[in-house]
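We did not get these values from a lab; they are worked out from the coordinates using the rules stated. Owing to the predicted nature of the structure, the values given are computational and were not obtained by experimental measurement. For neighbour counting, all protein chains shown are included, and Cβ atoms are generated from backbone atoms with ideal geometry for every residue, glycine included.
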Number of protein chains: 2
Amino acid sequence: MAEPMDYASAGVDIDLEGAAVASLIASLSASSRPPGTPGAPVDLPGGFGGLIEFGDSLLALATDGVGSKLQIASLLKQWGGVGIDCMAMNVNDLLCVGAEPIAFVDYVAVPKPDPETHAALGASLAEACRLARVTLAGGETASLPGIVTELDLSGTALGYVKKGNAITGEHLESGDVLIGLPSSGVHSNGYSLVRRVMEHAGHQYTDDAPFNVASVGRSVMHFEGNDDSQFTLGEVFLNPTRIYCDPIVDLLKHAETTESEFALSDIRAICHVTGGGLSNLLRLHGSLGWHIDSPLAPHPEFEWLQEVGGIETREMYRTFNMGTGMILAVSKQHAETICTWLNERMIGTQVIGHVHDQGHKVTHAIEGVEFSHY
Amino acid sequence: MAEPMDYASAGVDIDLEGAAVASLIASLSASSRPPGTPGAPVDLPGGFGGLIEFGDSLLALATDGVGSKLQIASLLKQWGGVGIDCMAMNVNDLLCVGAEPIAFVDYVAVPKPDPETHAALGASLAEACRLARVTLAGGETASLPGIVTELDLSGTALGYVKKGNAITGEHLESGDVLIGLPSSGVHSNGYSLVRRVMEHAGHQYTDDAPFNVASVGRSVMHFEGNDDSQFTLGEVFLNPTRIYCDPIVDLLKHAETTESEFALSDIRAICHVTGGGLSNLLRLHGSLGWHIDSPLAPHPEFEWLQEVGGIETREMYRTFNMGTGMILAVSKQHAETICTWLNERMIGTQVIGHVHDQGHKVTHAIEGVEFSHY
């Protein structure tokens, strides 16, 4: 057996990325927009950035791209899901502060424009707008043959939340309950490692997946024209990232109504499980700890990736979502009610753990899956 | 003399880009956000997209990148201006609907993160935020070695305007006066052609500019460490795009005050002179015409590019801003007052022409510089 694979050996230097971003941030100065005026920056207790004042509301912008998952889409010329991926990466981030996404713009950089690709992207973005319930408020396509060798897709989502209703993590306390919402697969993080495993194993994306893709709480979509009962590895790994606007926006709105048993204050924190996997939980609070005792079952492709790539279990949980795309921390008192409410709208949702005050770390039913820094 | 150069021969296929964008747009469906709710799309008479409802305001998003100007920055490792370029391309678009920019997010794609480059980009973005008076509300750096061969930078700006105050061009009429605001040079459009001319002529960006760069209404910045009195071609072509928030936001605010001689309704339309040059004016109205009889003097680099590249005059005006970065169409009655007000804040601003009802075209003091479609 060769050396076990990990994310760094797949060519992603997280420390270097961190250093680069830190350099950029260090160069920035305070906003010139004074408090109380439109656009003034708001510092939320949880350390979330990106919110600005706007009258009785806060506005939030999220910007992100699809990343190296696009390389699989380029290879297969399958663009049907990447608009959804792009939307999801942005709107799911907005949901974490309790913001309702309302609009989106896309940025596409290509070596050469191709009407067929753009038609497929447009259809994917239209579907994404429908799923996220946002307006596509613009976009840009840039031809940059000297800069990009294949298509890059990123976007920016705009959301809002009423002042005072932002979800910040500041009311988190020991005993709060963690509710996990199922992912639809690998989503849009960890694809450098996915691609490395595929290459290492000598598999083609057109090969049938050597496992049963059926999994609670998600469906995998066939590419157009493929009517086989078996799914290909390409179909599995291009399955679009789940968009959680429905049910989370509806949950937050319901919590504000008089017929709700629970209040908005019972929803303490929301975590989008992206790059860094479960270690993302550490960003929600400065001292509390997180224990996952009843995790959702990872989809079969995770098990396959681990086995074929010889990847250590902890590395899997630090790189991938492992079946859980979003985690809500809610009050113990109303946890069951909230979980039932969510499960009726997103099957597979369940209580997965709790918050404790035994140290700022993430622990898991699987021994060794433990994180003390993001 | 070789064939005259033009934008298409420099590798930019505008028709193909148009077809690709049309394919994307054709695939989009109507927004699911109903009129009267936050995020519902607003169709302005002038055909400007991108505005959405938000209470008593309209919000606007603009997204754009710096384009192939970045390739010169990469070559010279000079990142001090590109953050300003990125900001300018976006906020100047927002100004055209009368929106005040309030926030910005950046997206950087690199083959490999480099802390030094990011520090320089951060400083440039910080300066850009100061110039545009916006809050930097987030950003993303993506490492995409399989997709980009060098740095790509794009961004999204958020602006707002009170309902009813959007500038749409719907009140334009024959006799309205055109006021030109000076550009700072080539800005961020036409760089495929700039690079082609440089290559054709065998010039290095480190060569001294073979012309006097002094020009009314702009200054050129030296790169750090260059104390020569003469500017290099690299310094001239990387001079950052002008940001017009100051004076345009202030003009619009002033027009709403009681001490103003002119009203907001006297400002009929605003045009950002980007790719397409003066033909951008055609987008402001469906039938009126535009005559430029007293153009601002083009900066000396435009003359040099034309001469060295053997570029036809009409092609120059269809590709570059030719010295005028923004054009305001204002009522004849208050044109002088508005022009004086602007010139006190941006030297070089002057009346350059007028609106007429003799056909939907742009004409110019220079014969042959005429456009009848964008």
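Listing for the model above:
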quantity	calculated
Three-way shape label, the range B:1-144, alpha-carbon gyration tensor, a/c 1.5	oblate
Those trypsin sites (Lys or Arg not before Pro) in the range A:176-246 that DSSP places in a loop and that have at most 14 other beta carbons within 10 Å	none
Proxy reagent accessibility, fewest Cβ within 10 Å first, across A:LEU121, B:LEU288, B:LEU131, A:LEU16	A:LEU16, B:LEU131, B:LEU288, A:LEU121
Shielding by partners - mean other protein chain Cβ count within 10 Å, residues of B:124-130	4
Label spacing, shortest first and in nm, from A:GLU150 to its equivalents in the remaining copies (7 angstrom along Cα→Cβ)	2.2
Pairs beyond 22 Å (Cα-Cα), from A:LYS77/B:LYS69; A:LYS162/A:LYS332; A:LYS69/B:LYS112; A:LYS253/A:LYS332	A:LYS77/B:LYS69; A:LYS162/A:LYS332
Teacher prompt: B:LYS163 distances to equivalent labels in other copies, 7 Å Cα→Cβ, nm	2.0
Rotation relating B and A, chain A residue nearest the axis via C-beta, angstrom	A:THR156, 2
A:ASP227, A:ASP13, A:ASP176 arranged by Cβ crowding within 10 Å, fewest neighbours leading	A:ASP227, A:ASP13, A:ASP176
Average beta-carbon neighbours from other chains, 10 Å sphere, peptide B:158-166	2
Pairwise centroid distance, computed over Cα atoms, of the range A:222-259 with the range B:251-276, Å	46
DSSP beta bridge pairing in the range B:34-162, given as percent antiparallel to the nearest 5	75
Value of relative contact order over the range A:31-162, rounded to a whole percent, pairs C-alpha under 8 Å and six or more apart	33
Within 10 Å of each Cβ in B:9-17, the average number of Cβ atoms from other chains	3
Label spacing, shortest first and in nm, from B:ASP13 to its equivalents in the remaining copies (7 angstrom along Cα→Cβ)	3.7
Those GluC sites (Glu not before Pro) in the range A:158-216 that DSSP places in a loop and that have at most 15 other beta carbons within 10 Å	A:GLU170, A:GLU173
Cβ-based exposure ranking for A:VAL351, B:VAL213, A:VAL108, in which fewest neighbours within 10 Å come first	A:VAL351, B:VAL213, A:VAL108
Chain B, relative contact order in percent, only Cα pairs under 8 angstrom and at least six apart counted	22
